[in-house]
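Here the structure is laid out as structure tokens; the discussion comes afterwards.
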Amino acid sequence: MYKDDFNLAAGCYLLNHSVGRALKSSQNDFSQHFFAPWQASNKEPWQQWLPAIERFTQALSTLFNSPSRQFCPQVNLSSALTKLVMSHPRLQQANCKVLMAQSDFPSMGFAMQKALASSAEIKFIPEHVDLTDSVQWQQYIQADIDLVFISHAYSNTGQQAPVAEITQLCKHAGCLSLVDVAQSAGVLPLDFSQVDADFMIGSSVKWLCSGPGAAYLWVSQAQLSVCEPQDVGWFSHQNPFEFDIHHFAYHDSALRFWGGTPSIAPFVLAGHSIGYFAKLGVATVRAHNLALLEQLSAEFRPYLVSPTTPEKCSGTAILNFGEQQPAVLSALSQANISVDARAYGVRVSPHIYNNSSDIAQLIKVVKQTLS
């Protein structure tokens, strides 16, 4: 029934790890909240536009079960990470040590390298390590580590990290923790009233079906007052409309990370779409996703290189067909079934608007190609 809510072209779309499909209602909502204030009155539209930002952070609040004041809009994850790292005194100290995984998205490594002090060191968990196992993480989380970067889901491997367990390990070792939810938000439930993380960064373009440009930064209440962003603007100010060039006071919420004149359009789209998923419930999306992943794995288990158990798998299955992979990809493309491939294999990501018929069609095309 969810298919009717989304803009779906002919064929089968299973690229939700890349870009989610837009809601049919997004266009009218965007016109109402972005264009109408701009077009229907001769007054400046900011007083009508800014509530769209509040709608966005409130939707995130519901999605992640955390106060909206702890969320701040961001352009993308790299910008959010850079602002965060440069804001925290512990992460700017000489010889700071950060732990990441070799499997993290490269952009995060690029941003981290440039945002840290020149004397900092980044330690990488090797690619072969099972990132679904907290015992493996424990070997690398030591007292000399200042920050542990945790991807909730890994785009190339289909693995899910045990975030709650890892953040507890960080607390015991005295490390800060940062969770990247780019590949998990909207499909893997995450409750920040139950997960003791320090920071989180995320985007809306994938499972949240919101388009690009609406990323976000979450800061725990304990860390908010510690962070003093360097990349600021008038919307980072406690009172943006004070207009005193000689006085700056950080906003007492995560909006201290906001910066200058904000973008509005991406957050109008995202606020509407995230609100849809917050109301639907990520647990509902995940149950549906797991059912379709099980349908896929039941047919292709010998080709699966990603985990299959619910606590270890992300929303994406990775299938490796060896020498026949180019033929499989070609056949799927000809059948108008949208997937992609990375180093470990073909990526298949079923969402709430996919159904068992979509997976059955993929299975049929692949089997015909392999036979």
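The values are calculated or read from the model by the stated rules, or taken from the named source; none is laboratory data. Everything numeric here is computed off the predicted structure, so don't read it as measured data. Cβ atoms come from the backbone with ideal geometry, glycine included; neighbour counts cover every protein chain shown. Protein only, heavy atoms only, side chains kept; ligands, DNA and RNA dropped before computing areas. Shrake-Rupley method; radii C 1.70, N 1.55, O 1.52, S 1.80 Å.
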Beyond a 23 Å Cα-Cα separation, which of these cross-linked pairs lie in this structure: Lys279/Lys312; Lys24/Lys312; Lys3/Lys367; Lys24/Lys364; Lys206/Lys367; Lys123/Lys171? Lys279/Lys312; Lys24/Lys312; Lys3/Lys367; Lys24/Lys364; Lys206/Lys367
Just Gln139, Gln361, Gln58 to compare: in a GNM of the chain, with alpha carbon springs under 10 Å, which one fluctuates most? Gln139
Extended-chain gain in nm, criterion 0.36 nm per residue less alpha-carbon gap, Ala283 and Ala343: 18.6 nm
Listed residues Met112, Gln102, Ser204: farthest to the positive end of the dipole of the chain (Cβ charges): Ser204
Would you mind working out the magnitude of the charge dipole of segment 186-262 relative to its Cα centre, with +1 at each Lys and Arg C-beta and -1 at each Asp and Glu C-beta, to the nearest 20 Debye? 300
If you roll a 1.4 Å probe over the chain with all protein chains in place, what percent of the accessible area is carbon or sulfur? 52
Here are labelled values, (1) 24.4, 82; (2) 23.6, 75; (3) 21.4, 74, and one is the computed Rg and Dmax of the Cα atoms in Å for what I pasted. Which one? (3)
Under the Kirkwood approximation for Rh and a Cα-based Rg, what ratio Rg/Rh is obtained for segment 205-283? 1.05
Which value, in Å², gives the accessible area per residue of segment 6-158 when a 1.4 Å probe is used on the protein heavy atoms? 46
So for R0 = 25 Å, FRET eff. of Ala94-Ala143 from the Cβ-Cβ r, to 0.05, ends up at 0.90
Whole angstrom only: what separates the Cα centroid of segment 90-158 from the Cα centroid of segment 307-327? 24
GNM on the chain, C-alpha springs below 10 Å: top fluctuator among Gly281, Gly322, Gly174? Gly322
Rounded, prolate or oblate: which one fits segment 142-277, using the alpha carbon gyration tensor with axes a ≥ b ≥ c (rounded when a/c is under 1.5, else prolate when a/b beats b/c, else oblate)? oblate
I need the shape label for segment 1-84. Rule: rounded when a/c is under 1.5, else prolate if a/b > b/c, else oblate, with a, b, c from the alpha carbon gyration tensor. oblate
Calculated FRET value between Phe35 and Ser193, using beta carbons and R₀ = 41 Å, to 0.05: 0.65
Result for segment 207-322: accessible area per residue, probe 1.4 angstrom, in square angstrom, of 42
Shape call for segment 301-371, from the Cα gyration tensor axes a ≥ b ≥ c (a/c under 1.5 means rounded, otherwise prolate when a/b beats b/c, else oblate), comes out oblate
Run the simple label-point estimate for Gln325 and Gln168 please: 7 Å along Cα→C-beta, distance reported in nm. 3.7
